[in-house]
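Novice: Supplied in structure tokens, the structure appears directly below.
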Amino acid sequence: MNTLSVELVSFLTRSMEVLAALFIFFMGIGVLWIIVIYIIDVNQTQQTIRRNYPVIGRFRYLFEHVGEFFRQYFFAMDREEFPFNRAQRSWVYRASKNVDSTVAFGSTDNINAAGRVLFVNCAFPTLWQDAVPPKLVTIGADCTQPYMTDSIINISGMSFGAISKPAVLALSAGAKAAGCWMNTGEGGLSPYHLEGGADIVFQIGTAKNGVRDLAGNLDDTKLIEIAAHPQVKMFEIKMSQGAKPGKGGILPGGKVTAEVAAIRGIEIGKDALSPNRHVDITSFDDLIDMVNHVRKVTGKPTGFKMVVGAPVQLDQLFIAIRKRGLDPAPDFITIDGAEGGTGAAPMALIDSVGMSIRESLPMVVDKLKQYGLRDRIIVISAGKLITPAAVAWALCIGADFITSARGFMFSLGCIQALQCNKNTCPTGITTHNLKLQRGLVPETKAVRVANYVQNMVKEVGIIAHSCGVKDPRALNRSHARIVMDDGNTKGMDELYPEPELINEYAQSD
């Protein structure tokens, strides 16, 4: 054996000895660490599992955390999960990527379940060559600057702060490409909303972020500045939202960056807790006054967003409007259901407060008709409507437009990781962590946002054509049936017959 070979063998031997020593050292550290943790666990008195199962019991928290991710991929059936199941998410993903969205063999949904909506196919469906695009709708016809659009599905309120810069950029550019509007949410108007070129609905939340003075009151000067942007088409006063009626917006301090704080007019790094209602709106008359004030200052269509708590609230609202006449009425009402989502809210509100959109939307439409207001006030529906069937249902009931937040989050790549209330969103949508945001490329995701809108309109059109109408907005209650408890169906027009006009308000103002 030559000298080089001897030296090589010697080097390898020493290296193996060093690696073995390091292995033994770290094994010893590991064993010592386990012993220390064991002693801590068996002696602590706060957690039963750790006390009874020291060391091993700590893995429970890891399993709880990763379980949220594993369930949707390995354990849940297609229609089992909440708030959105795999079938719903998969449709949005495919629509956003503009890939084949057809399925084979049969439905995985239970078409016999009570409450299920089944559309009434026509014996002679509309031919493709006879179909027409969605009808153009004017909002605020009497405003100085009315808004005309044919969009059916639009982006609901998601604040900059609650969602990230690249998410806002992607949504804005995608909305522009698809021809739909984007609601700012209650966090104010950021440069990123404007950069993509979309039509904007500016939301005035209870904290009046972006249009407030130092005392938190509505500042007309700032309102005029916002309205001066040609892209800002409408103003929406947020009274309540589906996930947390009676609770204002919650933005954890970890998401209040310097930029977010500057746009909202709040302190950096501190939790942003909006009041649970507008301090200057204590009655429906006050609400009507606020609508008219904003509309007068801006010259643009103005309405409000609310969650219905009980039918009597609608009677009180519409009586107050009719006493004032048709002119002061809001240009639109956005109805959110208890199904609505949010970035952060108490579980008690998410689970147990507010009326479902399935009950409240037909109620609102019918009461508007009763009080002679349906032709005056546009109805916008929100609340978990992310698939063509859900959107077609809302059109049948009588909604003029549909808005969605979570559907568009899925179009951006959301995996329902349930991390929205933290700064740890793995897809970069609801985090200000630059490392996590890096994965969300606005230019790419904007295309998916536009695809989602375009494929939604296309498939709602397919349902409409199957029902024998040419335009999705021609859908009405005769085109849908609801499965009853006994498994048989009943026509939506039978369940919700045309309401009678209240005589006191029979004459137009």
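Novice: Might you check whether a residue that is in contact with a Pro (Cβ under 7 Å, 6 or more places away or on another chain) and either within 20 Å of GLN203 (Cβ to Cβ) or outside the structural domain of THR302 (by TED's automatic domain parsing) (or both) occurs anywhere in the stretch 350-372?
Specialist: Yes, the stretch 350-372 contains at least one residue that is in contact with a Pro (Cβ under 7 Å, 6 or more places away or on another chain) and either within 20 Å of GLN203 (Cβ to Cβ) or outside the structural domain of THR302 (by TED's automatic domain parsing) (or both).
Novice: With the condition being at negative phi, out of contact with any helix residue (DSSP H, G or I) (no Cβ under 8 Å at 6 or more places or on another chain) and touching a residue at least 24 places away in the same chain (Cβ under 8 Å), I'd like the strands (runs of 3 or more DSSP E) fully within the stretch 135-186 carrying at least 1 qualifying residues.
Specialist: Details: elements: 137-139, 147-149, 153-155, 181-183.
Because the criterion is at least 1 residues that are at negative phi, out of contact with any helix residue (DSSP H, G or I) (no Cβ under 8 Å at 6 or more places or on another chain) and touching a residue at least 24 places away in the same chain (Cβ under 8 Å), the strands (runs of 3 or more DSSP E) in the stretch 135-186 that meet it are 137-139, 147-149, 181-183.
Novice: Within the stretch 331-344, restricting attention to residues that are among the small types (Gly, Ala, Ser) and buried (at least 22 other Cβ atoms within 10 Å of the Cβ), which residue is modelled with the highest pLDDT?
Specialist: Of everything passing the filter in the stretch 331-344, GLY337 is modelled with the highest pLDDT.
Novice: While we're here: Checking the condition buried (at least 21 other Cβ atoms within 10 Å of the Cβ) and either β-branched (Val, Ile, Thr) or in the same structural domain as LEU349 (by TED's automatic domain parsing) (or both), which residue from ALA228, ALA177, ALA261, ALA173 passes?
Specialist: ALA173 is the lone residue from the list that is buried (at least 21 other Cβ atoms within 10 Å of the Cβ) and either β-branched (Val, Ile, Thr) or in the same structural domain as LEU349 (by TED's automatic domain parsing) (or both).
Novice: Would you mind finding the one in GLY210, GLY248 that is in a loop (DSSP other than H, G, I, E, B), assigned by TED's automatic domain parsing to the domain that holds PHE332 and modelled with pLDDT of 90 or more? First the steps, then the outcome.
Specialist: Values: GLY248 fails: modelled with pLDDT of 90 or more.
Unique residue meeting the criteria: GLY210.
Novice: Looking at (1) over 18 Å from the mean Cα position of the chain (by Cα); (2) farther than 22 Å from HIS432 by Cα, which is the only condition PRO191 fails?
Specialist: Result: PRO191 passes all but (2).
Novice: Next up: Can you tell me which condition ALA310 does not meet? The list is (1) farther than 30 Å from LYS458 by Cβ; (2) of a type outside the set (Lys, Arg); (3) within 18 Å of the chain's Cα centre (by Cα), and all the others hold.
Specialist: If we test ALA310 against (1) farther than 30 Å from LYS458 by Cβ; (2) of a type outside the set (Lys, Arg); (3) within 18 Å of the chain's Cα centre (by Cα), just (3) comes out false.
Novice: Same structure, new question: Could you list, in sequence order, all residues of the stretch 356-399 that are under 24 Å from ILE502 (Cβ atoms), in contact with a helix residue (DSSP H, G or I) (Cβ under 8 Å, 6 or more places away or on another chain) and not in a helix (DSSP H, G or I)?
Specialist: Across the stretch 356-399, the qualifying residues are TYR371, GLY372, LEU373, ARG374, ILE377, VAL379, SER381, GLY398, ALA399.
Novice: Is it the case that the stretch 415-424 has a residue that's in a helix (DSSP H, G or I), touching a residue at least 40 places away in the same chain (Cβ under 8 Å) and either of a type in the set (Ser, Thr, Tyr) or within 24 Å of THR102 (Cα to Cα) (or both)?
Specialist: No; the residues of the stretch 415-424 include none that is in a helix (DSSP H, G or I), touching a residue at least 40 places away in the same chain (Cβ under 8 Å) and either of a type in the set (Ser, Thr, Tyr) or within 24 Å of THR102 (Cα to Cα) (or both).
Novice: Right, ILE266: surrounded by fewer than 20 Cβ atoms within 10 Å (Cβ to Cβ), touching a helix residue (DSSP H, G or I) at 6+ places or on another chain (Cβ under 9 Å) and either in the same structural domain as MET158 (by TED's automatic domain parsing) or within 27 Å of SER381 (Cβ to Cβ) (or both) or not?
Specialist: Judged against the criteria, ILE266 is not a match.
Novice: All but one of (1) of a type in the set (Lys, Arg); (2) over 28 Å from ILE462 (Cα atoms); (3) modelled with pLDDT of 95 or more hold for ARG374; state the number of the condition that does not hold.
Specialist: Among (1) of a type in the set (Lys, Arg); (2) over 28 Å from ILE462 (Cα atoms); (3) modelled with pLDDT of 95 or more, ARG374 violates only (2).
Novice: While we're here: Looking at GLU267, is it assigned to a loop (DSSP other than H, G, I, E, B) and of a type in the set (Asp, Glu)? Break it down into steps so the answer makes sense when it comes.
Specialist: Values: assigned to a loop (DSSP other than H, G, I, E, B): yes; of a type in the set (Asp, Glu): yes.
Taking the combined requirement at face value, the residue satisfies it.
Novice: Taking the stretch 273-289 as the search range and keeping residues that are touching a residue at least 60 places away in the same chain (Cβ under 8 Å) and under 25 Å from the mean Cα position of the chain (by Cα), which one is nearest to MET234 (Cα to Cα)?
Specialist: Out of the qualifying residues, it is HIS278.
Novice: I would also like to ask the following. Checking the conditions here, which among LEU412, LEU395 is surrounded by 24 or more Cβ atoms within 10 Å (Cβ to Cβ) and either of a type in the set (Lys, Arg) or over 16 Å from the mean Cα position of the chain (by Cα) (or both)?
Specialist: Of LEU412, LEU395, the one residue that is surrounded by 24 or more Cβ atoms within 10 Å (Cβ to Cβ) and either of a type in the set (Lys, Arg) or over 16 Å from the mean Cα position of the chain (by Cα) (or both) is LEU395.
Novice: Here is a follow-up. Does the stretch 325-345 contain at least one residue that is part of a helix (DSSP H, G or I) and in the same structural domain as VAL364 (by TED's automatic domain parsing)?
Specialist: Scanning the stretch 325-345, I find no residue that is part of a helix (DSSP H, G or I) and in the same structural domain as VAL364 (by TED's automatic domain parsing), so the answer is no.
Novice: Right, here's the next one. Pairs needed: first member in the stretch 454-470, at positive phi; second member anywhere, of a type in the set (S, T, N, Q) and crowded, with 17+ Cβ neighbours inside 10 Å; C-beta distance under 7 Å; at least 6 residues apart or different chains.
Specialist: Listed pairs, sorted by first residue: GLY468/THR126.
The values are calculated or read from the model by the stated rules, or taken from the named source; none is laboratory data. If you're wondering where the values come from, they're calculated on a predicted model, not measured in any experiment. Cβ: placed from backbone, ideal geometry, glycine included. Neighbour counts: every protein chain shown.
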